[in-house]
Structures are given as structure tokens and as C-alpha cells.
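Computed from the coordinates by the stated procedures, all read-outs in this text should not be read as laboratory data. Note that the coordinates shown come from a computational prediction; the quantities given were computed from them, not determined experimentally. Note: ideal-geometry Cβ built from the backbone for every residue, glycine included; neighbour counts use all protein chains shown.
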Protein chains: 2
Amino acid sequence: MSQPIVVNQDILEMEYAVRGPIPQRAAALRKEGRAIIPCHIGNPQALGQDPIAFYRQVLSLIEEPGRIARERRLNRLAGTAAPAPDDRVSDEVLDRAETVLEQLGTGLGAYTESRGLMFVREAIARYIDRRDGSGSPVAAPADPENIFLTNGASDGARLVLEALIADRRDGIMIPIPQYPLYSATIRRYGGTQVNYYPDEESGWSLTTPMLEEAMRGAQSEGVRVKGIVVINPANPTGAVLDEASVEGVICFAERHGLVIIADEVYQENLYGERFVSFARALGRRVVPLVSLHSTSKGFYGECGHRGGYLELRNPPPVHGEGGSLCDVLLKQASVSLCANTVGQVLTYLVVSPPEPECAPYERYVQQRQRILADLHDKATMARRAFERMDGVRCFGKIGAMYLFPRLETLPGGTTDFDYCMGLLEQTGFCTVNGGGFGQRPGTSHLRMAFLPPKAVLEEALPRWIDFHARYVKRR
Amino acid sequence: MSQPIVVNQDILEMEYAVRGPIPQRAAALRKEGRAIIPCHIGNPQALGQDPIAFYRQVLSLIEEPGRIARERRLNRLAGTAAPAPDDRVSDEVLDRAETVLEQLGTGLGAYTESRGLMFVREAIARYIDRRDGSGSPVAAPADPENIFLTNGASDGARLVLEALIADRRDGIMIPIPQYPLYSATIRRYGGTQVNYYPDEESGWSLTTPMLEEAMRGAQSEGVRVKGIVVINPANPTGAVLDEASVEGVICFAERHGLVIIADEVYQENLYGERFVSFARALGRRVVPLVSLHSTSKGFYGECGHRGGYLELRNPPPVHGEGGSLCDVLLKQASVSLCANTVGQVLTYLVVSPPEPECAPYERYVQQRQRILADLHDKATMARRAFERMDGVRCFGKIGAMYLFPRLETLPGGTTDFDYCMGLLEQTGFCTVNGGGFGQRPGTSHLRMAFLPPKAVLEEALPRWIDFHARYVKRR
């Protein structure tokens, strides 16, 4: 055995429940042959969701550019035996792949600029402007120079938090509950986590008093708050913020000179609600904003491709330097060379879907609608099941991919961790306990990702209801 | 304008010359329409090197799995008009894609285990064992549990350095010159860079006295040295370490309880020399070793796909904890969820090339041989040009993708930075000055990546010779 070494204490102390003991136990049970219902992570394609065909067709062609001419030759053979009509790749897909290759210049195998490919960043800026109605007097247009392509959104969150945390007394406000990427990354870079508590019973809404209270608490302990993280639609609660909540955060950040870190990766996971982006609500106010997006979520759920971007608005100047926060992020990004090119191109496709009236459009829209409707149905099934469980209450509109029910009647001496572990052992449902995300002291929750196929949920939810009835009776 | 913010000082202070002022000036000149000869970065496909067809065929198929059955149908139509024989995808390629998909289980769109896909890690372990003749009494077999798939090798280096650096007095030994990823990352995580100086005139070899000297210097300043970085074949010098140098590092690390960080990303960029891996030289000695590899280099040069791995041997236990360095790396990796799946599969293909006697083999071998022969020719052309320049000397065998000539006759008051900037402005050659990698005080160098096409070099090298003659005459 080699000699023991001392490692970075901040890494030892950080926690990341989404890949913690419950999922690890589930993996062990699966190895033993047990059927597991994975509701612990937002990983839809692992649960049978099909990829959006249009994206994959284009990616497949640009991996092997010679195929474009070949497919065109095959298409010209229409009427002969091969290929069958269903086997043909439409001209629009071939054209799109050709356009991407022209823009790529040297294909997928070359490093790109540190910020990412310019044509992708330009397409992202157009997407944001379309989404927010920018150019109107309300919203400022997005600037491709302030957009960074990243390996998933986690990478973007890491870059920003690493830049902002200069000292142990530097604080970052995060909602409780939160996605543990944030608590882990703040811990890892040696900063101070400053909790604020969205109001569960009013659908996890945010109010100025709750933000000010958190700020006062931090200041009284000598913490300099530098940024505020907001996740909307929220992970783990699935809540969708209303305009007043978003506006309140912006005014609060303006008053205290904070950078807003808006995790907006679930912006397309809406089921009837309206998404209010921070960029749109910001309008022309000069408040620093970082918005994160990802190809892993939405209706596409391309987790494995690790695509994503970070958009920066109003980058603040850096104290004692010529540059701005944008220059600092660029320097950080340059050491990693660039985000993976396939993820970059996928991000481009996500923000530039097929045009209406072209051949791939119809299937694209059908897939999108079916996936979103399916997710909504599954969330509704789960919520109905919770209604049949004693003391289980689920607040807020449905958004993102998660439900975060409150467990009000756990037997004395048991925790939500015990509950989730029992649920896993007895029913196969793999969830993550509320403690893994943080929760108001004295409350118990769990997060359920509503992704398993409907048939699986239909069959398994009654078992959860039975488990629950037995569990709470232990009181 | 928003208020200035204080950012992480370690990021402000880190430097990364490979994407620094000279390449930035080159990009500006190119925008003005100037022809640039990019020799500043190892990015072969940006300079016209073709991807290895076999890799791309497989990747293309697994992006769009439905295509496999379609290609089989098309192949059965042999003899009819379509597809032409050259357009057919061979059965071996289709079989390989099918095998990969089976192993992937849920395709490219799902997150993988934090360490990466098990079948890829198993294939890497087999590759290492084949390379090193493991299982023999000499070398210990590689363990898939100690392998981590990463987004390029940079990611792996970052994980390890971040874990090892617990304190400002923690030192990491790096060769001078070095690839600035290391100096930048040590700076970024607040550690202390401890320089050692390979002997330029003996082909950049390493000796125990030079390592001990660096150690004594560090210890006398209260620095606790925890690891030693070795880059072999070397970046930026292109030198290939002999067995004695590798052995010397292992004994040194064993004596001082260091973790060896072996950057072996150029292990396939050899032109007649023999690569001695640290794992092989280590044999059964219990010295902690991290070896980094990447899909970006070698003859494949798939930089954009950001594939890579980190192999850990003899992970040391962590002080005060139950676990080992492997557990710490796993925790870090889990927060980023996983490396991109396309890069993971590409890594699998790199370590599991086509079998001899199958259809794709011949083309694969031809491509490999042509690329490596071409690189060697280009290195030889550049070295010959240097021989015609007054006071330019290039030491060491040819390896990796770089030459690192010493400039002995720069006019007084000028630096290698001035020289490289002048070279860029007057000839279009974009190189990086030795100062960007570190060099023995009082010496001047530049790094040239020998990647541009032969015809370009043939035409342009005489202009460099002329530039040099004029430049040194300014003395």
C-alpha cells in the first residue's frame, strides 16, 4: 500500500446526493437482478425515450461527411428497388448537414475557438432573441461574444462559480431545496453557501423579504454575497417561477450588486405554464446575468452528448484589471481548449429546429408533442398517487422533470433517507431523499424524476401507495 | 456599467500561452485576409488531416442506430444499380456498430456511469495490457475500476491536480519547458509549481540529480511536494524519454512518496523511437501513478471529440478517510455527471482498432501509416530548415507533434516573443515562444507544431529562413 496522502479538503467535504448512497444501492440491487424503477435522475433516454430523429440524422451525416453525396445519389435512384422510400434521407436533412459542415469548416475533429463555434453562438443569440422578443424596447439583444459553449450546463455553472469565489467569505445564495451541483461546487471552490427558502405552500414562489432575510443573515456573519442562483423551472421541485418572483430577484440583485446565475435548463419542460426568462425580465437594466442551458433536458433529453451553453449579460468589470467577467471566463475556457464539437452542433440543432413546411418538420413536431404530453401524463399519474398517500403533499405547478412531495407523517425517528431506502428495497423505486437537495429544517421530502414509461408507473405506483401506508403506520 | 467585482485571483494570475497573444494576433491577421500557417497548436484536422474512416463510420452509425438495418438491406441489393460497391458499408463496420450499441444499452443520449462506460474501460484495460505485456511477471494488469473516461486529457489533469492540491504549500513538480495546462492548473488551484529542468543537450533526458535538486529547492522553501508531472513523448520539446529516464522518475517518486502524473497522450506519435510507458516500467512496485491519454493526438488527431482517459495505479489511501484517491476522483467526476458519450465511444475505437484480415483493416493501416510518415517527413523538413538558420539548434529525437528549437543568436534586447511575433507578421508562421512553456533562464526557444501540409511548408520554410537571417543580423 502506498503512503496516505492529504487531499483537497473541500472535495472531501462536498456532497452530491444524485449519485449518492441511494442510487448506489439501486445499482447494487440491479446487479443482483432486481427490477429498479429509476426516478433518481433526469436521464430520459436511459428510460426508453427516443432521440429526436432530425438531430441524430444530421449528427450522423456530419460524422461521415462523404455520406451526404452518397445519400443524394441514392435519392436520385428513386423508383428503383433501393432504397425503399422510408429509407431515404430527405433533402432538407442533407442540406442542413451540408450547411453545418460548411460552417464547421474543418469538421468535427478539430478544436474550436475556446468559446465555441461562432455559427453556433450566433444561432443561440437568435434563439434567445426569438424567445424573448429582443430588439423590442423591452429586451436587449443577445451578443454571441458573451456566449460560451460548454460540456453540459454543469460545466458552465462550474466556470462561473469558480470565477466568483475568491475567498472563503465569498457567498453564493442558493435556493433550498437546490440541485446539489451548486452546493457541491461552492464547497469545492471554498466559498460560503447562503441559503434562501422559496415558499413551498405558495408553489415555491420567491419574495423580496425572504431574499433580504438571507442576505442579512449572511452579512451578519461577515459573508460577502456575490451571486444568487435561481433554478427555473426548478430542480428538484419542478416549480415554475411567476413574473413577480423573477422581477423580485432582479431588483434584489440590482440593489446588492449581485451576479444572477439563472439555471434555465428546463426552459422547454413546461406543461401549460409560461416560462419567464431572466434575460427578458431584465430588459435593459444593467444587472450581471449568467443564464445556463443544456441539450440534456427539454423534450430532447440528450444527456450523453454533453452539450450546453452559458449566456452572459452585462459582464461586470473585474476589480483591478482591464477586463470583464467575460474575459475571465474566456481564460478559464481556453485552458480546457473547447467543449466537445458534437455537443456544440447538437446545441445548434436544438436552437435551430427544422423550419415549418420542410420534410423533417412534421416528425420533429410530433416527437416533441408526444414526449412533452407523455411527461405531463406521467407527472399527473404520480401526483394522483401521492394524493392517495397519507400526509404526502406536492406543491407548485408542474415543470421540469421532477416532483418534490413533502412527507408529513414519517414515523418518529425516521428520516426521508430511511423512507427512500425502504421504498427502494421494497418497491424498486429509486428516488433521492430531500436531504440530498437541502430542505427547511424539520421537513421531509423526496425527489421523483417522472421519466419511467407510463406502463411501468401504472404497474408500480400502487406498490408505492401500499409501501407508504405500511411505512407511516409504524408510528 | 455594473459595479466592478473581485474574482478568483488564481484565475487572473494563470497564463495559457497556447491561446495567448501570438495566436490571437494570428486570428486577427487572418480576419484581415492574411494567409496564416498555424504551427501553434496540435490540431491536425484543422490543417486538412483526414479522420480515420473506420472511427467515423462507426460513430455515424451509432448516432442513428436505425441505419444499421438499412445498410444491411442495401448490401443485400448487391448487383442492382444501387448502392455502388464503393458506397457500401462493410459488414465488419456494421457488426462493430451493432456491438457498440449492444454494450451502450441505451445509446449515446443517456448519461453514463461517472467513471464512463464499463465496456470502454474494459477495452482500455486490455489495450494497456497489450501495450505493456501485462500479466507477465513484469507489469501489473490494468484495472477498469481505476480508469476514468474524461473530456480530453486536460480534464483528467485538472481532476488529479485539483485533488492533490490541498494547500498553497503543496507543490507539483513539472518539467521546464512544459505544456502550460500544468502551470495554469497548478496556479488555478492555488498550489506551488516546482520546476525541474530536463537536460536539453542530451535530448531532454532526466537524471536523478536534477530531480533531487528541484526537491531540495522546494523543501528549503517549505513546499511539500506531492506529485511529479512527466510528459512523454514531450510537449513542447517532442523528446522521447529513454528507459533510464523513466526508471529514474519512478525511483525518485518512490523515495519521496509522490504521485506520478504521466501525460502520455503522444504515445502513438513515434517515428522510429520506442515508447516506454510508466505503467510498464513501474512493474509491480507500489508507486501511485496517473497516466493520461487522449483521442486528440496520436495519428487520429480527433481533437474536437474531446475523448480521453485517466488510468490510476496504486491509488494511495486518503489521510483521515476510509477511501483512496480513486474514490476522490470518482466524487469529482460524479458532479460533472460523465464525459461525453461520443468521445467515450471514440476512445473505445482508438483502443480497439479493426482486427487484421477484416475489411476495414487495410484502409485503417494505410491511413495510420500515411499520417505518421507524413508527420515524420514534415518534422524532418522543419529540422533541415532550422539547420540552415544561424544559431538555431534543435535537440532530442523526434516525437509528439512538436519541435522546440533553441534560438541562440537573438539580437540583444529582443526576446523569443518578439521573434515569434515578427515571424508571424512577416511570414505568416504562427508559433508560440518558449516563454509560454517556461525555459531555462537566459535561453530562448519557440515551439513549432509540424502539422501544416507538406506543400505549405515547402513553400513557406524558405521565407522563415530569410526572416531569420534578417532578424539575427539586427544584432
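Taking 8 Å as the Cα distance limit and 6 or more residues as the minimum spacing, I'd like the relative contact order of chain B as a percentage. Could the numbers behind the result be given before it?
Values: 882 pairs, mean separation 101.7, N = 475.
Once divided by the residue count of chain B, the mean separation gives 21 percent.
How big is D for segment A:118-351, in µm² s⁻¹ as a whole number, if Stokes-Einstein is applied with the Kirkwood radius of its Cα pairs at 20 °C and 1.002 mPa s?
Details: Rh = 17.7 Å.
Estimated diffusion coefficient is 121 µm²/s.
Near the amide H of B:I261, within less than 5 Å, lie the amide hydrogens of B:I228, B:V229, B:V230, B:V290, all on another chain or at least 5 residues away, with H placed in the peptide plane.
Between the residues A:T347, A:L270, A:G298, the greatest Cα displacement towards the positive end of the dipole of segment A:118-351, with unit charges on the Cβ of Lys, Arg, Asp and Glu, is found for A:T347.
Please go through the residue pairs A:K31/B:K331; A:K397/B:K331; A:K31/A:K454; B:K397/B:K454 and name each one whose alpha carbons sit more than 26 Å apart in this structure.
Working: A:K31/B:K331 21 Å; A:K397/B:K331 33 Å; A:K31/A:K454 24 Å; B:K397/B:K454 20 Å.
Check vs 26 Å cut-off fails for A:K397/B:K331.
Phi angles of segment A:256-263 translate, via the Karplus equation with coefficients 6.51, -1.76, 1.60 and θ = phi - 60°, into HN-Hα couplings of 9, x, 9, 8, 8, 10, 9, 7 Hz per residue; Gly and Pro are given as x.
The alpha carbons of segment B:226-281 stretch over 34, 19, 16 Å along the principal axes, in descending order. Where does the Debye-calculated log10 I(q)/I(0) of chain B sit at q = 0.08 Å⁻¹, using only Cα point scatterers of equal weight, no solvent? The calculated log intensity ratios at q = 0.08 Å⁻¹ are -0.51.
Would you mind getting me the FRET efficiency between B:E13 and B:T414? Use the beta-carbon distance for r and R0 = 30 Å, nearest 0.05. It would help to have the intermediate numbers written out before the result.
On the way: r = 26 Å, r/R0 = 0.87.
E(calc), rounded to 0.05, equals 0.70.
Given +1 at the Cβ of Lys and Arg, -1 at the Cβ of Asp and Glu and no other charges, the dipole of the protein assembly as shown around its Cα centre is 180 debye to the nearest 20. Distant-in-sequence amide contacts of A:A142, defined by a placed amide H-H separation under 5 Å and a gap of 5 or more residues or a different chain, comprise A:D129.
Grab the beta carbon distance between B:Q426 and A:C358, set R0 = 51 Å, and tell me the FRET efficiency rounded to 0.05. Working shown, then result.
Numbers: r = 50 Å, r/R0 = 0.97.
For R0 = 51 Å, the calculated efficiency reads 0.55.
Distance between the C-alpha centres of segment B:335-373 and segment B:397-466: 32 Å, rounded to the whole angstrom. Taking the DSSP bridge list for segment B:118-351 and keeping only pairs wholly inside it, about 35 percent are antiparallel. Computed from phi, the 3J(HN,Hα) profile of segment A:168-173 under the Karplus parametrisation 6.51, -1.76, 1.60 (θ = phi - 60°) reads 4, 8, 6, x, 10, 7 Hz, with x in place of Gly and Pro. Calculated FRET efficiency, B:R224 and A:E273, Cβ-Cβ r, R0 56 Å, to nearest 0.05? After rounding to 0.05, the efficiency reads 0.55. Across peptide B:339-347, the mean count of Cβ atoms from other chains lying within 10 Å of each residue's own Cβ comes to 5.
Centre-to-centre separation between the Cα atoms of segment B:160-208 and those of segment A:253-273: 40 Å. Mean per-residue shielding of peptide B:317-323 is 4, counting Cβ atoms of other chains within 10 Å of each Cβ. Take every DSSP beta bridge whose two residues both sit in chain A; close to 50 percent of them are antiparallel. For segment B:118-351, build the charge dipole from Cβ charges (+1 Lys, Arg; -1 Asp, Glu) around the Cα centre, then report which of B:Q332, B:A125, B:G308 sits farthest towards its positive end. Checking the options against the dipole of segment B:118-351, the answer is B:Q332. Centroid-to-centroid, using Cα positions, segment A:6-51 and segment B:224-239 are 36 Å apart. Under 5 Å from the amide H of A:G308 lie the amide H atoms of A:T150, A:G152, A:T295, each residue being 5 or more positions distant or on a separate chain, with H modelled from the backbone and absent for Pro and chain starts.
What Kirkwood Rh does segment A:149-227 have if only Cα atoms enter the pairwise 1/r average? Answer in Å.
Numbers: mean 1/r = 0.0759 Å⁻¹.
Here the Kirkwood hydrodynamic radius works out to 13.2 Å.
On the principal axes of its alpha-carbon atoms, segment A:1-135 has extents of 66, 46, 43 Å, going from largest to smallest.
Report, for the protein assembly as shown, the % of DSSP beta bridges that are antiparallel, rounded to 5. Mind showing how you got there, number by number?
Details: 38 of 82 bridges.
Among the beta bridges of the protein assembly as shown, antiparallel pairing accounts for roughly 45 percent.
Ranked by how many other Cβ atoms sit within 10 Å of their own Cβ, fewest first, the residues A:R224, A:R115, A:R306 fall in the order A:R224, A:R115, A:R306.
Take each residue of peptide B:279-292, count the partner chain Cβ atoms within 10 Å of its Cβ, and average: the result is 1. Along the axis of the charge dipole computed for segment B:16-63 (Cβ charges of +1 for Lys and Arg, -1 for Asp and Glu, origin at the Cα centre), the listed residues B:A17, B:G42, B:S60 are led at the positive end by B:A17.
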